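Report on the following structure.
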Amino acid sequence: MNPESYQISSDNIAEIGAIYPFAGSEVFLVIAAVAFWLFCYVVICRRESQALEKLAREYREQASTEDEPGL
Amino acid sequence: MNEELSSLTILFTEFYYWVTVVLMFLIHVGFCVYEVAASRWRNHQHTLMKNTMLLPLVTIAFFLFGWWIYFAFPGGPGITGGLVDAPWAKPASELMGPHLGGEPFQSGVSGADTANWARVNGVFWAAFLLFSWTAASIVSGACIERIRSSAFWILAVLIGSVCWIIDASWGWHPDGWMVKLLGYHDAYASGVIHAIAGGFALGVIKVLGPRIGKFREDGTPCNINPHNPWLVTIGLFLIYTGFWGFYVACNLPIVDVQPGEGISFSATNIYLAPTTLSAITFNFLMSLSGGMLTAYILSRGEVTWTYYGGLAGIIAASAGNDLYHPIQAMFVASVGVAIAYKLHFWVERKFRIDDPVGAIAVHGYAGFYGVVVAGFVLWGYPSSPNPEYAAISPLGQLAGAIIMFGVLGFAPGYLCAKLLSSLNVLRIPREVEIAGLDLGEIEQRERDRLELNTALAQATVTEEQK
């Protein structure tokens, strides 16, 4: 709705419907929400995989160093 | 006068559900607290964040499609009808946002839709969303210390925004096909939330496998005790508290239940049959008591199982807690807890299932039993106010429990976990599991501490030199 039509007067209260800005753009908002949701998910998955690989590598290296005789 | 009454009804309903949502938040606080308390010190942060981050991921999914599924799927689709149109629940609907109930501007949304849904859509959506979080959190506890968070979040969206809401549409919606054909009755979600989540968790951890060290070479289980049993009890107490919100959110607070002429207001259960808040208050507390006492006796006073027993007792009686006498509820709970407790240890030994927080027993077995036992105790009762729908029966309830636990719970959990496992993204690497998921953070904290100590020492020396 337009901000102007959100002016409350005694004769229009029952007619007020959607009150968010840019009413009519809902489909675009939903597409943006889906993209945001997927983007966030992909980013956090990728970071977790990298972090786990790094940790596993470090632990393996640490274990092999500790196993070496004389060290 | 009628307009004033309907306005008050809508405003009261709006406020009522909002309060239930706030109360139900405590369920999630409790789940986070007790999962962290049940995990070992080297996995705390991972355990906490795995559960916490399901909130935004499931919430957005539930906004995008979960809420619509509830209204669209009561007929199957394809069992008793096709997809049902629900313009207020589509993500791009003007009613999925701030709306004062005036004339709609979107085609497909009627004036009746805006009048009925504008004020209650958000709070009703949120109440169902909190059930979604609960379903996903139940699964979370069963997977601690060995699942990848990213894999868990896929499973969380599947159970929280797809599977459970389909079963709610089938077995909880007043026109759900299970209510119509089977006479399925599950007023406070023994099956609709708990059996499905327990079955799903069982499917996942069957593929995921036990924590390293849980079973000896001969297959007998070792105890991996919670690092802080006292915090486990605080978490479970918080879940008990939030469970009040869960119970009242399963009701509609004020409905004109008088057929035909005249007006008679009452709270109703989810099937729109009259009930009272007193009924569920009696039965909630008596089933909690029956469950706690039984678990205390069976576990010989073990702390966590005594608390689990209270929760399992409520869950075991939930399907019929709108109609049971409180003493019936107490005995139904007592037997349910005994079965869940015994099954937990039998399944653990027999199938090497590692369920660190007893989630499958407390939610899955107690929920399954709760649905089935309601079929015997309430045999012949109407499942809903619609006289054309099937009455409650043992066979209908048994079929319902199998659908909840097995078809919509175990099967999708198992299949999705199998897929993730085949892609090698289900379980954390073995080395990381042995060393601990938080060791990277713990080492970083140690480095930060040493750096700070060095800086402080240097500052002290400089000060003394001055």
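The values are calculated or read from the model by the stated rules, or taken from the named source; none is laboratory data. In this text the structure is predicted, and so the values were computed from the model without any measurement. Positions of Cβ are generated from backbone atoms using ideal geometry, with glycine treated the same way; all protein chains shown enter the neighbour counts.
Per-structure values
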{"read-out": "Count of segment B:62-75 residues which are assigned to a helix (DSSP H, G or I), hydrophobic (A, V, I, L, M, F, W, C) and more than 13 Å from chain A (Cβ to nearest Cβ)", "value": "3"}
{"read-out": "Residue identified as touching a Lys or Arg at 6+ places or on another chain (Cβ under 7 Å) and in a loop (DSSP other than H, G, I, E, B) among B:Val425, B:Val357", "value": "B:Val425"}
{"read-out": "Matching residues, segment B:38-61, being more than 11 Å from chain A (Cβ to nearest Cβ), assigned to a helix (DSSP H, G or I) and in contact (Cβ under 8 Å) with a residue 60 or more places away in the chain", "value": "B:Ala38, B:Trp41, B:Arg42, B:Asn43, B:His44, B:Gln45, B:Thr47, B:Asn51, B:Leu54, B:Leu55"}
{"read-out": "Test: residue in segment A:15-35 that is modelled with pLDDT under 95, assigned to a helix (DSSP H, G or I) and exposed (fewer than 14 other Cβ atoms within 10 Å of the Cβ)", "value": "yes"}
{"read-out": "Restricting segment A:17-35 to residues that are facing chain B (nearest Cβ under 8 Å) and free of Cβ contacts under 8 Å to residues at least 12 places away in the same chain, the residue that is farthest from the chain's Cα centre (by Cα)", "value": "A:Gly24"}
{"read-out": "The lone exception for B:Leu285 - which of (1) under 24 Å from B:Asp355 (Cα atoms); (2) part of a helix (DSSP H, G or I) it fails", "value": "(1)"}
{"read-out": "Residue check for B:Phe152: assigned to a helix (DSSP H, G or I), touching a Lys or Arg at 6+ places or on another chain (Cβ under 6 Å) and in contact (Cβ under 8 Å) with a residue 40 or more places away in the chain", "value": "yes"}
{"read-out": "Which listed residue is under 30 Å from A:Tyr59 (Cα atoms) and either part of a helix (DSSP H, G or I) or more than 38 Å from the chain's Cα centre (by Cα) (or both), from B:Gln458, B:Gln397, B:Gln444", "value": "B:Gln444"}
{"read-out": "Count of residues meeting criterion [surrounded by 24 or more Cβ atoms within 10 Å (Cβ to Cβ) and part of a helix (DSSP H, G or I)] in segment B:306-329", "value": "13"}
{"read-out": "Residue in segment B:376-394 that is assigned to a helix (DSSP H, G or I) and either among the small types (Gly, Ala, Ser) or at pLDDT below 95 (or both) present", "value": "no"}
{"read-out": "The one condition in (1) at pLDDT below 95; (2) buried (at least 18 other Cβ atoms within 10 Å of the Cβ) that B:Gln45 fails to fulfil", "value": "(2)"}
{"read-out": "Enumeration of residues in segment B:113-133 that are of a type outside the set (Lys, Arg) and either within 13 Å of chain A (Cβ to nearest Cβ) or over 22 Å from B:Pro74 (Cα atoms) (or both)", "value": "B:Asp113, B:Thr114, B:Ala115, B:Trp117, B:Ala118, B:Asn121, B:Gly122"}
{"read-out": "Residue in segment B:205-228 that is buried (at least 21 other Cβ atoms within 10 Å of the Cβ), touching a Cys at 6+ places or on another chain (Cβ under 8 Å), closer than 28 Å to B:Ile392 by Cβ and among the hydrophobic types (A, V, I, L, M, F, W, C) present", "value": "no"}
{"read-out": "Residue check, B:Ile254 at pLDDT below 95, in a helix (DSSP H, G or I) and farther than 30 Å from B:Glu145 by Cβ", "value": "no"}
{"read-out": "Qualifying residue in segment B:67-82 (condition: surrounded by 22 or more Cβ atoms within 10 Å (Cβ to Cβ) and among the aliphatic types (A, V, I, L, M))", "value": "no"}
{"read-out": "Candidates B:Val362, B:Val373, B:Val335 - the one that is of a type in the set (A, V, I, L, M, F, W, C), out of contact with any helix residue (DSSP H, G or I) (no Cβ under 7 Å at 6 or more places or on another chain) and either part of a helix (DSSP H, G or I) or within 21 Å of B:Asn225 (Cβ to Cβ) (or both)", "value": "B:Val335"}
{"read-out": "Count of segment A:36-69 residues which are assigned to a loop (DSSP other than H, G, I, E, B) and either under 27 Å from the mean Cα position of the chain (by Cα) or among the acidic types (Asp, Glu) (or both)", "value": "1"}
{"read-out": "Residue that is within 12 Å of chain A (Cβ to nearest Cβ) and either crowded, with 22+ Cβ neighbours inside 10 Å or within 26 Å of B:Phe265 (Cα to Cα) (or both), where the choices are B:Glu35, B:Glu103, B:Glu94", "value": "B:Glu94"}
{"read-out": "Condition met for B:Arg449 (under 23 Å from A:Ala51 (Cα atoms), within 14 Å of chain A (Cβ to nearest Cβ) and surrounded by fewer than 17 Cβ atoms within 10 Å (Cβ to Cβ))", "value": "no"}
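Residues checked against (1) part of a helix (DSSP H, G or I); (2) under 19 Å from B:Ile193 (Cβ atoms); (3) hydroxyl-bearing (Ser, Thr, Tyr):
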position: B:Asn225; (1), (2), (3): no, no, no
position: B:Leu231; (1), (2), (3): yes, no, no
position: B:Leu236; (1), (2), (3): yes, yes, no
position: B:Pro259; (1), (2), (3): no, no, no
